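What follows is a short report on a single structure.
No value in this document is a laboratory result; all are computed from the given coordinates. None of the values given here were measured: they were computed from a predicted structure. Note that we place each Cβ from the backbone using ideal geometry, even for glycine, and neighbour counts take in every protein chain shown.
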Amino acid sequence: MKYEEFKDNESLELLRESGSNVLLTTIDDVINWGRKSSLWPLTFATSCCGIEMMQTGAPRHDFARFGMEVYRASPRQADVIVIAGTIVNKMAPVLKRLYDQMSEPKYVVAMGACAISGGPFFLNSYSVVKGVEHIIPVDVYVPGCPPRPEALLYGMLQLQRLIETENIKSRKERTAKNDSE
Amino acid sequence: MEEIIKEVVIGEQEEYVINMGPQHPSTHGVLRLVVSLKGEIVKNVEPHIGYIHRGIEKMCESITYTQIIHLTDRMDYLSAMMNNEAVCLAVEKALEVEIPDRIKIIRTIMSELSRIQSHQLFWASFGMDLGGQTCFFYGLRDREKVLDIFEETTGGRMIVSYNCPGGLMYDIHPNFRKRVKEFIKYFRGVLWEYDAILTGNVIFRERSIGIGTLSLEDAISYGITGPSGRASGFSCDIRKHEPYSAYDRVQFNEVLYNEGDTYHRYLARIEEMRESMSIIDQLIDNIPEGPYFVKMKPVIKLPEGEYFQRVETARGELDVFIISDGNKNPYRVKFRSPNFVNLGVLNHITKDFKIADLIAIAGSLDFVIPDIDR
């Protein structure tokens, strides 16, 4: 099964089972386990979704159970950028630069309607970027305005499943694709 | 010997500029501050805004009055209830609609709950800015309980869109009274922890007392409202001076201090939580029965003219100014947001303090960046 073919979560596991070298998959499993168990997010919040992201790290929902509690203020130390909030035209170059400053492997979660499509500001607004995928590639979309903390947790767990299916080849392709953009 | 040391210190002689933000954990969002330093002393702070400018005022001109409610939620998302209320009151004033007591009282209770959760978040993030990670956990633990009450009645956690012109979107949940009473009882019991962790903490007091002092004259001339203004002795509480909704039938104190430093701006918010709880206490048993909305026309058209409404949000005075030309869309909407005006004083009160104090002072003014840019 090709990496490009799967679009839903169910086929992620199929993709893993669809055969590869025993030694390579074992090494991949170890690497992926390490990566998915310590996803460090960047402290990046532009608006309302940022408060729900803080709430996800707070006692009731507790991000830390999944190894995500270490919020990094510097993009160079972060693995995943959760785009929490609206991105406007003035912010777009800054976001691109933040993404470029992150070291590989890096992942992007678009949190909330604004980051996905512009949300409530899709119509009539002259300054809002209509979806962050125009600027940087997105791995997981978390819908909601703002999404509940449970929704963000679910999105982050989906990202972990995505990381679980990676292998050396797909990682190389991904890096090359990011570099060419 | 001293002369040699003076030469070695970089930047002691001339000012140098550092850039703080837009992505910086202590600016609470995407505020960018260009800070001129002499050594470690702040000489000039120049805020650059617009990194989250979404054009809400312009968008309002092409949508109806009911739809504007949903945009005001996203301005100051921690005072969403009060922002909704401001537009609703302006529209109701223009149409001369008489609002029943039930709606007024529910709006007041919701606003005060909103104020409590906003100050809880302030406490959590202010403590974290000054290096106290525990505050973050304690503050947000209690905030969840208010959000639960909101969620049960309105369906939303913080973007609620609960008020609409002519009343409320939904009736209150049957459990509402019980849950609010439980919360007030719980929160009265744990508020001493807030004092024990921060208010009496020696490190916190050293870092906040006498820092960023704002005099009464400056507070008035800069137009600083809300708890920040009241910490300087500026009596600016709209709830007292121009009561709206049910504020004219409750007894509460306007929290006023004369010192105007970072510590008292913090203290004003803690005391306001106590006042808010006493307001809710007075109202929660007196919600009369009745409808939760007044029947309005499906398409609301304001008569030609100018309409103005002031409300007190958690951060200060929010003014809504609507010019109508008789259509279903407003001709012009202007929001006077408290955060934008409060930001103006930052340069004035941080001058000649250390750069670490800039974080404390900016934290104590409690900015919500989307409200600055709109």
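Structure above, values below:
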read-out: Rounded tilt (10° steps) of B:80-95 against the dominant C-alpha axis of chain B; value: 50
read-out: Among beta bridges that DSSP assigns inside the protein assembly as shown, antiparallel share in %, nearest 5; value: 75
read-out: Rg/Rh ratio calculated on Cα atoms of region B:60-158 (Kirkwood radius); value: 1.06
read-out: Per-residue mean of C-beta atoms belonging to partner chains within 10 Å, peptide A:84-94; value: 5
read-out: FRET efficiency estimate (nearest 0.05) - Cβ-Cβ, A:T175 to A:S74, R0 22 angstrom; value: 0.60
read-out: For region B:101-216: span of alpha carbons on each principal axis (Å, largest first); value: 48, 33, 21
read-out: Rg/Rh (Cα only; Kirkwood hydrodynamic radius) as it applies to region A:58-128; value: 1.03
read-out: Tilt relative to chain B, helix B:133-154 - C-alpha long axis, 0 to 90 degrees, to 10; value: 10
read-out: Projected area averaged over orientations for the protein assembly as shown, convex hull of C-alpha atoms, nm²; value: 29.4
read-out: Residue mean of other protein chain beta carbons inside 10 Å, B:136-145; value: 4
read-out: Virtual spin-label span in nm between B:R188 and B:K240, 7 Å along Cα→Cβ; value: 2.3
read-out: Among B:I323, B:A362, B:S337 the positive-end extreme of the charge dipole of region B:295-374 (Cβ point charges); value: B:I323
read-out: Cα centroid of region B:42-87 to Cα centroid of region B:195-216, whole Å; value: 31
read-out: Region B:105-136 and region B:255-308: distance between their alpha carbon centers, rounded to Å; value: 15
read-out: Distant alpha-carbon pairs in chain A (separation over 19 angstrom), percent; value: 59
read-out: All lysines inside 28 Å of A:K177 as judged from Cα atoms, apart from same-chain residues fewer than 8 positions distant; value: A:K2, A:K7, A:K36, A:K90, A:K96, A:K106, A:K130, A:K169
read-out: Theoretical ellipticity at 222 nm over chain B - DSSP helices of four or more residues, -39500 (n - 2.57) apiece, nearest 500; value: -14500 deg cm²/dmol
read-out: Least to most buried among B:I103, B:I359, B:I220, B:I349 (fewest other Cβ within 10 Å first); value: B:I220, B:I359, B:I103, B:I349
read-out: 3J(HN,Hα) from dihedral phi, region B:303-314, Karplus parametrisation 6.51/-1.76/1.60, rounded to Hz, x for glycine, proline; value: x, 4, x, 10, 10, 9, 8, 10, 9, 9, 8, 5
read-out: Lys, Arg +1 and Asp, Glu -1 on Cβ, resulting dipole of region B:55-372 about Cα centre, debye, nearest 20; value: 540
read-out: Alpha-carbon centroid distance for the pair region B:230-248 / region A:76-128, whole angstrom; value: 39
read-out: Net charge dipole size for the protein assembly as shown [Lys, Arg +1 and Asp, Glu -1 on Cβ; Debye, nearest 20]; value: 900
read-out: Spread of Cα-to-Cα distances over 20 Å intervals beginning at zero, given as percent, for region B:55-372; value: 33, 57, 9
read-out: Ranking of B:E275, B:E40 by count of other Cβ atoms within 10 Å, fewest first; value: B:E40, B:E275
read-out: Distance in nm between pseudo-label sites at B:V17 and B:D148 (7 Å out along the Cβ direction from Cα); value: 5.1
read-out: Separation in nanometres of the label points that stand 7 Å from Cα toward Cβ, at B:R249 and B:R141; value: 3.7
read-out: Sorted by Cβ density within 10 Å, fewest first, the residues A:W40, B:W123, B:W192; value: B:W192, A:W40, B:W123
read-out: At 0.890 mPa s and 25 °C, Stokes diffusion of region B:316-374 via Kirkwood alpha-carbon radius, µm² per second; value: 182
